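Taken together, the values in this text are just the output of simple stated rules run on the coordinates, not laboratory data. Bear in mind the structure is a predicted one, so any value in this text is a computation, not a measurement. Every residue, glycine among them, receives a Cβ derived from its backbone with ideal geometry; neighbour counts consider all protein chains shown.
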Amino acid sequence: MPDTNWTTRPWHRDWLKVQANALFDLFQNNAVNPKGGFHDLDAAGRPYGHIRHLHHTSRMVHCFAIAARLGRPGAETIVDHGMRYLWEGHRDRQYGGYCWSLDDDSFTDDSKQAYGHAFVLLAAADALMIGHPLAKDMLADVTDVLNVRFWDDHHGAVSEEYARNWAKISGYRGQNSNMHLTEALMAAFEATHDAAYLDKAKRIAKLIIRTHAASLDYVVAEHFDEQWKIDKGYKGSDMFRPAGTTPGHWLEWARLMAQLWVLDGRKEEWMIDAADKLFRSAITRGWDEVKGGFYYTLDFANQPAITHKIWWPVTEAIGAAAFLNALTPNHFYEHWYRKVWDFSAIHFIDPATGGWFPELGNDLKPIDRFFTGKPDIYHALQASLIPLFPATGSLMRAAG
């Protein structure tokens, strides 16, 4: 009997559902903060801390909107809890936009970050697709903020960061915020059928991938100056802006480029070609052939820089391999889908909680260097769900 893809096998599909439900259970039962927003979770899956970050609030809305779409009891209550905190907590009534973090009702970091606003757009678009009463107003509001405050029509991408009153913080430009905005713009297009969202997603992809990544043989540059020239000497924070390049983002872009190709009617072949090349580039340069897992960062000679293994690159590899294999079947994708799941199941999934260890040291044992506790549900959930659905767009669209 000829071999078949794991994603077609009932047992594997059931296993994926178990992983997804374990994540839903962990966060639904432990992360809700009764004062608004969501708790971070410690290594045992217990609430800790009191700061709520914009991307975390928004990602919880995104994930539980998918759960609601799937028919999970309790999910709409989680969405409502998050949407109200975005609207009544993070939203800046005085200056407009959404502030980065709060402690109950007080801003602890009142900066306006493109990265955070991208996730607000994603949350609002997903909430609109399940009919949440705040979704339409929030989608209109954050779209206006992005268009007026962040969008640079000359370059076809967004600027990065501002003070609360919209004073300029720096001339830094980053691909990460634009990558996540591409994801959110596609979701907004699916929710509204407004082609302006898709047009912006295509412009960002052309700048980051067709212009810059292609020039580096499908290595995605992370950091740029105000004129969108690559800044190879940039050294930011190891968590959000690490120096060098980050192979996990090449994998994330691989899936997003394939999704963009589908949503755009499969017209521009460079998109799906880029998706394949980004995936292969990440495998070739980023995978640790001795110990397994993806290096967190490389230098510009494509040599490992930060060798610790972080959870989210493997989840992005799984999603990209499944999506690409569904669109353009190839044994290479299937091989790596299985190989990355094998590594993740053994090393990253915590059987005690259903969550994932966020970081492994060079001995592949869990450590806390950049990340602690159980990271947000977003990446691991998508790895568990993307293989279950047709490659027709976002999970929200496919699950509906």
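Which one of Leu70, Gly49, Gln113 is farthest out on the positive end of the charge dipole of the range 1-126, using unit charges on Cβ (Lys, Arg +1; Asp, Glu -1) and the Cα centre as origin? Comparing the listed Cα positions along the dipole, Leu70 ranks first.
In this structure, the amide hydrogen of Phe38, modeled 1.01 Å from its nitrogen in the peptide plane, lies closer than 5 angstrom to those of Asn33, counting only residues at least 5 positions away or on a different chain. Please check: in the Gaussian network model of the chain (C-alpha springs, under 10 Å), which one of Gly292, Gly174, Gly82 has the largest mean-square fluctuation. Largest GNM mean-square fluctuation: Gly292.
With +1 on the Cβ of every Lys and Arg and -1 on the Cβ of every Asp and Glu, and nothing else charged, how large is the dipole of the range 25-399 about its Cα centre, in debye rounded to the nearest 20? Intermediate results must be reported in sequence, preceding the final value.
Numbers: 38 positive and 47 negative charges, 78 e Å.
That gives the range 25-399 a dipole magnitude of about 380 debye.
Ordering Lys291, Lys267, Lys374, Lys235 by the number of other Cβ atoms within 10 Å of each residue's own Cβ, fewest first, gives Lys267, Lys235, Lys291, Lys374. Our summary gives the chain a relative contact order of 17 percent, counting only alpha carbon pairs under 8 angstrom and 6 or more residues apart.
Around the amide H of Trp356, modelled in the peptide plane, lie the amide H atoms of Asp350, all under 5 Å away and 5 or more residues distant in sequence or on another chain. Residues considered: Phe240, Phe107, Phe27. Largest GNM mean-square fluctuation over the chain, using C-alpha springs under 10 Å, is found at Phe240.
Subtract the Cα-Cα distance of Thr108 and Thr372 from 0.36 nm times their separation in residues, and report this length gain in nm to one decimal.
On the way: separation 264, 0.36 × 264 = 95.04 nm, distance 1.99 nm.
Value of the extension gain: 93.0 nm.
Projecting label points 7 angstrom from Cα along Cα→Cβ for Thr8 and Arg84 puts them 4.7 nm apart.
Positive-end ranking of Trp87, Gly36, Thr7 along the dipole of the range 1-106, with charges on Cβ about the Cα centre, is headed by Thr7. Which distance in Å, rounded to a whole number, links the C-alpha centroids of the range 1-56 and the range 186-202? After rounding, the separation between the Cα centres reads 28 Å. Starting from the Cα gyration tensor of the range 286-381, take the square roots of the eigenvalues, sort them a ≥ b ≥ c, and report rounded, prolate or oblate (rounded when a/c is under 1.5, otherwise prolate if a/b is larger than b/c, else oblate). Because a/c hits 1.5 or more and a/b fails to exceed b/c, the range 286-381 counts as oblate. Helical runs assigned H by DSSP (4 residues or longer) give the chain a calculated mean residue ellipticity at 222 nm of -15000 deg cm²/dmol, each run adding -39500 (n - 2.57) before division by the residue total.
In the range 25-399, a dipole from Cβ-located charges (positive for Lys and Arg, negative for Asp and Glu) runs towards its positive end, and of Ala345, Ser101, Val61 it is Ala345 whose Cα lies farthest in that direction. Averaging Cα coordinates gives a centre for the range 230-289 and one for the range 149-169; these two points are 23 Å apart. Specify the residue with the greatest mean-square fluctuation among Ala195, Ala282, Ala68, computed from a Gaussian network of the chain linking alpha-carbon atoms under 10 Å apart. The residue that fluctuates most here is Ala195.
How much FRET efficiency would the formula 1/(1 + (r/R0)^6) give for Arg46 and Trp15, where r is the Cβ-Cβ distance and R0 is 30 Å, rounded to 0.05?
Numbers: r = 26 Å, r/R0 = 0.88.
Efficiency, rounded to the nearest 0.05: 0.70.
Helices meeting the span-like rule in the chain (full DSSP H runs, Cα extent of at least 27 Å along the helix axis, mean Kyte-Doolittle score of 0.0 or higher) are absent.
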